[in-house]
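Take a look at the structure set out below.
The values are calculated or read from the model by the stated rules, or taken from the named source; none is laboratory data. Model, not experiment: these values are computed from the prediction. Cβ placement follows ideal geometry from the backbone for every residue including glycine, while neighbour counts extend to all protein chains displayed. In case anyone asks, the SASA skips ligands and DNA or RNA and just uses the protein heavy atoms, side chains included. Shrake-Rupley method; radii C 1.70, N 1.55, O 1.52, S 1.80 Å.
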Amino acid sequence: MGRIVGIDLGTTNSVIGVLEAGRPFVIANAEGSRTTPSVIGYSKDSELLVGQQARRQLVLNPKNTFSNLKRFIGRTWNELNENSLNVAYTVRANEQECVRVTCPITEREYAPEELTGSIIRKLIDDAEKYLEESIDSAVVTVPAYFNDSQRQATRDAALLAGIKVERILNEPTAAALAYGFDKSSSSRVLVFDLGGGTFDISLLRISNGVFDVKATSGDTQLGGNDFDQKIVEWLADDFYKQYEIDLRRDRQSLQRLSEAAEKAKQELSGLNITPISLPFIATGSNGPLHIETKLDRKKFEFLCRDLIDRLSKPVEIALSDSGWTAEDINDVVLVGGSTRMPMVQQLIRTIVPITPSQTVNPDEVVAVGAAVQAGIISGELRDLLLNDVTPLSLGLETVGGLMKVLIPRNTPIPVRQADVFSTSEANQSSVEINVWQGERQLANDNKSLGKFRLSGIPPAPRGVPQVQVAFDIDANGLLQVSATDRTTGRKQSVSINGGSNLNENEVSKLINEAREKADLDRKKRASIDQRNNALTLVAQAERRLRDISLEFGPYAAERQQRSVEVALRDVQEFLDNNDLAELDLAVSSLQEALFGLNRRISAGRRSESNPIQGIKNTFGSLKDELFSDDYWDDDPWDYNPNQERRDRDYQSRDLDRWDNDFYN
Ligand code: ADP
Ligand code: MG
């Protein structure tokens with residue numbers, strides 16, 4: 001089995017980790033950062049940008065830059081709340097009510113999975129470079145409170161990046177793994193994970209390498225972004241009151257407001273008051289308008305009071321589901337950037353009155369845990385056992401639209417549960433199996449995971465046929481449903497993937513497309529590199545010719561100078577005609593010609609008879625003879641790279657010198 005990496009695919013930031021010699025660690029990306037912004041964009045030239053590069057163009061190119069995609073993954077249009085639609089790019093529903101992201105510059109629509117796949121691809125590419133080996137599988141984390149569709153969609157995103165998902169792991173469980181994998185004592189731990197867009201809470205018992213998740217709860221539409229949003233609203237409302245201009249209607253202003261809000265929020269984690277300055281945010285009838293204001297922590301906390309209220313509920317539910325009280329908790333693990341906010345830390349302390357653990361880095365702990373899980377799967381880490389639970393109840397719709405729960409929330413997984421159902425009408429020949437996930441009593445208030453029909457039921461009075469429906473949840477938290485008519489033995493079984501934004505055909509189509517595109521991109525990049533290298537060489541050659549002419553005169557090494565000029569013209573011509581096939585050859589001729597020229601000049605320099613004087617006064621073809629040929633008895637122009645080692649030694653020494661001479 002090849003190496004498996006661990007990926008924390010965050011709303012705001014993503015991190016990749018790996019196990020090396022039994023220890024998990026985080027791999028820095030190509031830019032040198034250990035976290036990669038979960039942002040994808042297309043530049044003005046339709047070039048794909050991922051991470052920091054994309055983040056940088058958020059304000060200037062808001063329509064073609066996509067952040068917070070995790071809010072949309074595996075969600076249908078009608079499940080989105082107004083807050084999640086608060087993004088500077090365009091999202092819309094397609095015919096199947098699936099979320100699609102519109103990108104004007106590429107004139108295409110993307111499924112959130114597709115764009116998210118690009119983030120995974122970048123993480124993998126950078127890790128491959130670092131590890132110097134190819135990677136084809138990963139453990140990918142999701143919020144514990146993600147439903148089946150969101151999990152499926154995350155798996156699809158990885159698939160689109162060419163990565164097989166070995167395990168979908170819950171983020172707080174991953175954090176607990178990172179926290180406890182090398183501890184032998186036994187403890188009850190509360191993991192509180194508040195990131196950019198999601199909130200998760202898990203209670204675990206960790207004992208001698210066995211991790212038992214007791215309960216999990218959360219809110220997949222609550223995170224640091226909502227705190228930013230409060231500041232945005234406050235600023236925009238205030239501005240509207242003053243100037244009757246709604247800054248939220250302009251994408252660029254909205255993006256600038258959001259960035260300033262996030263910055264202010266982060267500063268208020270350490271300071272009591274922070275200035276907010278947004279010059280030229282709009283234009284009024286009397287010219288440009290600016291925002292110059294201050295926000296203090298008290299005001300900020302007042303603005304966010306309802307968010308803080310929303311945070312306590314899931315903790316209470318998880319505690320009550322686990323059967324533990326707050327006093328039973330031995331340690332609190334804080335995960336996610338938003339737990340740095342003093343008001344959040346205070347809230348946690350009012351629920352569990354202990355000082356949170358400081359041993360883990362809240363930004364990296366999830367990826368570290370994913371790497372540990374990868375190590376468990378690959379067999380590198382032994383004696384660790386993880387027992388996770390399913391976050392939400394799963395059931396069927398029965399007569400009257402009621403939800404009949406087959407697997408209650410917080411049931412340990414993997415699990416199989418079956419029940420027998422019957423028909424509601426006489427001679428009913430088929431039944432519809434409608435699968436739902438959620439905690440509400442009426443099926444319709446929950447999330448539909450999909451439906452299928454079991455047909456061919458022999459005629460019988462109502463209530464007589466016996467249809468056994470079985471739910472299987474695997475270790476990834478993914479569901480498979482089957483229905484069997486007990487009389488005929490007829491069986492119908494489906495993996496539920498109705499909730500994923502892409503069906504199987506679309507996924508395989510996109511994978512093929514991505515493969516082709518990767519090839520094309522590689523070729524495109526190679527030809528760009530080829531052209532750039534040629535251009536650099538042309539510039540160097542021109543400079544060198546000019547310098548030599550100035551220093552030694554136009555005929556100092558005439559034959560070599562001409563050769564360079566001829567080769568230069570060739571390269572220039574192939575560049576102009578974009579003839580890349582010929583370009584390579586011309587480039588190596590130019591390199592050789594330059595080499596010959598440099599060697600000639602350097603041999604001249606080495607000559608004791610002060611050749612500079614001699615060359616300057618020399619005309620015509622005679623001047624070549626004025627060089628001292630102590631070191632080279634062949635003509636430099638006929639340079640043969642396979643000549644003797646002695647020669648090569650000299651050349652390489654000289655090359656070094658030339659490098660310093662004129663490549664800088
Ligand atoms: P995710 O897992 O969703 O990608 P992260 O754990 O990376 O999220 O947290 C990102 C969120 O944390 C953002 O909303 C960011 O503004 C917030 N954040 C980061 N640092 C701070 C801080 N010092 N104070 C308050 N919020 C912070
Ligand atoms: Mg996170």
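Measuring nothing but how far apart in sequence close Cα pairs (under 8 Å, 6+ apart) lie, relative to its length, region 224-306 scores a relative contact order of 26 percent. For region 224-306, the solvent-accessible area with a 1.4 angstrom probe is 56 square angstrom per residue. Here region 224-306 is described by how far its Cα atoms reach on the three principal axes: 38, 21, 20 Å, from widest to narrowest.
Surface listing: 234, 77 arranged by accessible area from highest to lowest gives 77, 234, probe 1.4 Å. Pairs of Cα atoms under 8 Å, at least six residues apart: use those to get the relative contact order of the chain, whole percent. It comes to 12 percent, rounded to a whole number. Of the residues 138, 276, 538, the one whose Cα sits farthest towards the positive end of the charge dipole of the chain is 276 (charges of +1 on Lys and Arg Cβ, -1 on Asp and Glu Cβ, taken about the Cα centre).
So, with a 1.4 angstrom probe, what is the percent of accessible area on region 224-306 that is carbon and sulfur?
47 percent
When each full DSSP H helix of the chain is screened for a Cα extent of at least 15 Å along its own axis and an average Kyte-Doolittle hydropathy of at least 1.0, the helices passing are 365-378. Given R₀ = 56 Å, FRET efficiency for residue 82-residue 551 by Cβ-Cβ distance, to 0.05? E(calc), rounded to 0.05, equals 0.20.
In what order, largest first, do 70, 298, 517 sit by accessible area if the probe radius is 1.4 Å? Walk me through the numbers on the way to the answer.
On the way: 70 30, 298 165, 517 80 Å².
Largest to smallest exposure gives the sequence 298, 517, 70.
The residues neighbouring residue 398, those whose beta-carbon lies less than 12 Å from its own, together hold a net charge of -2 under the Lys/Arg +1, Asp/Glu -1 convention.
Here is the link list: 129/524; 63/517; 214/491; 230/263; 70/263. Which ones come out longer than 24 Å on Cα distance? Beyond 24 Å between Cα atoms: 214/491. The Cα-based radius of gyration of the chain, divided by its Kirkwood radius, gives an Rg/Rh of 1.12. Rounded to the nearest Å, what's the spacing between the alpha carbon centres of region 306-378 and region 418-450? Just the number, please. Their Cα centres are 36 Å away from one another. Taking the Cα centre of the chain as reference, the dipole from Cβ charges on Lys and Arg (+1) and Asp and Glu (-1) amounts to some 1820 debye. Note that region 455-467 has calculated 3J(HN,Hα) couplings of 10, x, 7, x, x, 6, x, 4, x, 8, x, 10, 10 Hz, one per residue in order, obtained from phi through the Karplus relation 6.51 cos²θ - 1.76 cosθ + 1.60 (θ = phi - 60°); glycine and proline are x. Loop-resident GluC sites (Glu not before Pro) (DSSP state other than H, G, I, E or B) in region 186-291 with no more than 14 further Cβ atoms inside 10 Å of their Cβ: 244.
For region 390-502, the fraction of 1.4 Å probe accessible surface lying on carbon and sulfur atoms is 45 percent. Per residue, region 390-502 exposes 47 Å² of accessible surface when a 1.4 Å probe is rolled over the protein heavy atoms with every protein chain present. Our coupling estimate for region 445-454, obtained by passing each phi through the Karplus curve with A = 6.51, B = -1.76, C = 1.60 and θ = phi - 60°, is 7, 9, 9, 7, 9, x, 9, 8, 10, 9 Hz, Gly and Pro reported as x.
Surface analysis of region 83-207 yields an accessible area of 30 Å² per residue, using protein heavy atoms and a 1.4 Å probe. In the chain, helical runs assigned H by DSSP with n ≥ 4 each contribute -39500 (n - 2.57); averaged across all residues and rounded to the nearest 500, the mean residue ellipticity at 222 nm is -13000 deg cm²/dmol. What a 1.4 Å probe finds exposed on region 22-111 is 45% carbon and sulfur by accessible area, rounded to a whole percent.
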